[in-house]
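Right, one structure below, let's go through it.
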Amino acid sequence: MSSLEEWILRNARERFGEVDVHKMLGVWCVVRTNLEFWRTRRNPSVTYTPVEFEPRARLRDTVRYGPIGKPPRKIVGFDVRGPDRPSRFLWRGAGLMRPITSEWFLLGHDEEYVEWAATHFSKTPFTDAGMDVYARKPHISEGKSRRSSPE
């Protein structure tokens, strides 16, 4: 287990404070995960684009990935910040995925959201619960994740 993964497990999701949704916007590459779903897919990424910021942040959430040996695919949904904790988001699929919901938490991130972020998400009909580590680039160095982790 890497030092970043150890840090994530030591920090409860309820502990994490305010989330700057503006800094979360843009493309995040999934660089580490325990989700079985990604084992047969390549280059997963999540793109957050703004829909509205008040009264609660609402983001368009587009997951892109390439199934091995097949054309690229995407899953689109919308995230609404939970009313009780600023690090909690409620996801609902768009289109045919609209009946599917999940909640996810931002567990941690580097100070300016420029290197990495870690999320925990609940089980859906298609995936188990799990954790993802995002990076702005397709790879994250162990040294950067260690320096960015709060003590």
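Points to keep in mind about this one:
- Evaluating 6.51 cos²θ - 1.76 cosθ + 1.60 at θ = phi - 60° for every residue in segment 70-87, the Karplus couplings come out as 9, x, x, 10, 8, 10, 10, x, 10, 10, 10, 5, x, x, 8, 9, x, 9 Hz, glycine and proline recorded as x.
- Amide H contacts of T33 (H built 1.01 Å from N, in plane; Pro and chain starts excluded): V133 sit under 5 Å, all sequence-distant by 5 or more or on other chains.
- As a rough guide to protection, the peptides 100-110, 31-41, 128-138, 66-76 ranked by mean Cβ packing within 10 Å, highest first, stand as 100-110, 128-138, 31-41, 66-76.
Bear in mind that the values in this text are calculations on the coordinates, not laboratory data. In this text the structure is predicted, and so the values were computed from the model without any measurement. No Cβ is skipped: glycine too gets one built from the backbone with ideal geometry, and neighbour counts run over all protein chains shown.
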